[in-house]
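Derivation of every value follows stated rules applied to the coordinates shown; laboratory data play no part. Values in this document were obtained by computation on a predicted structure and should not be read as measured data. Note that each Cβ is placed from the backbone with ideal geometry, even for glycine, and that neighbours are counted across all protein chains shown.
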Amino acid sequence: MFNIAIELRKDELRRNWGQLNVAKGDPTFFKTEPIRWEIGMSELDKWEIVRFELVGDYVIDLTFKDGTRRLIDFEPVVGRGWMRQLKDLDYFRRVKLNEGGNLEWPDGQDFNPEALHDWPRFEQIYIDDAEMQDE
C-alpha cells in the first residue's frame with residue numbers, strides 16, 4: 001500500500017511540474033508572494049485517528065485529529081491477499097487503535113492513515129489492489 005501512496009504522489013508531482021512549465025511563460029510567475037507556512041498541525045498529525053466505532057458489518061465510523069469524519073465500508077477490499085483474514089467478521093471486529101493513532105488488527109493488518117483520511121480518493125486503488133491479489 002505504501003507504494004500506491006508513492007505512485008499517487010509521483011502523479012501529483014508530474015501534474016505540478018507540468019503546470020510549472022506552463023507558468024514559466026507567464027511574466028508574473030516569478031513575481032508572486034513567497035509561500036507562507038503556518039505553524040500548526042502537520043500532515044501526519046491530521047491523519048491520526050482519535051476515535052472509531054464499528055457501526056455495521058465491515059463498516060467503521062472514523063474521527064481524525066483534524067476533525068474529519070469518515071464512514072468507511074471495508075467490505076469491497078477485505079478477503080483478498082494481506083486482507084484475507086479481515087473477511088472473517090469476528091476477526092474484523094477485533095480492530096484496535098494502535099499507539100500511532102491508526103486502526104490495526106491482531107496480526108498487524110492496517111491501512112495507510114492518509115488513505116483512510118482521504119478514502120474517496122483511495123478506495124478504488126485498494127479495490128483494484130485487492131483484485132490484483134486474486135489473479
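Which members of segment 104-133 meet the condition of being in contact (Cβ under 8 Å) with a residue 24 or more places away in the chain, touching a helix residue (DSSP H, G or I) at 6+ places or on another chain (Cβ under 7 Å) and not in a helix (DSSP H, G or I)? Answer for segment 104-133, where residues must be in contact (Cβ under 8 Å) with a residue 24 or more places away in the chain, touching a helix residue (DSSP H, G or I) at 6+ places or on another chain (Cβ under 7 Å) and not in a helix (DSSP H, G or I): Q109, N112. Filter segment 124-135 for residues that are within 16 Å of the chain's Cα centre (by Cα) and surrounded by fewer than 17 Cβ atoms within 10 Å (Cβ to Cβ); which is nearest to T68 (Cα to Cα)? Out of the qualifying residues, it is Q124.
Among the residues of segment 79-103, those that are in a loop (DSSP other than H, G, I, E, B) and more than 18 Å from F52 (Cα to Cα) comprise G79, R80, D88.
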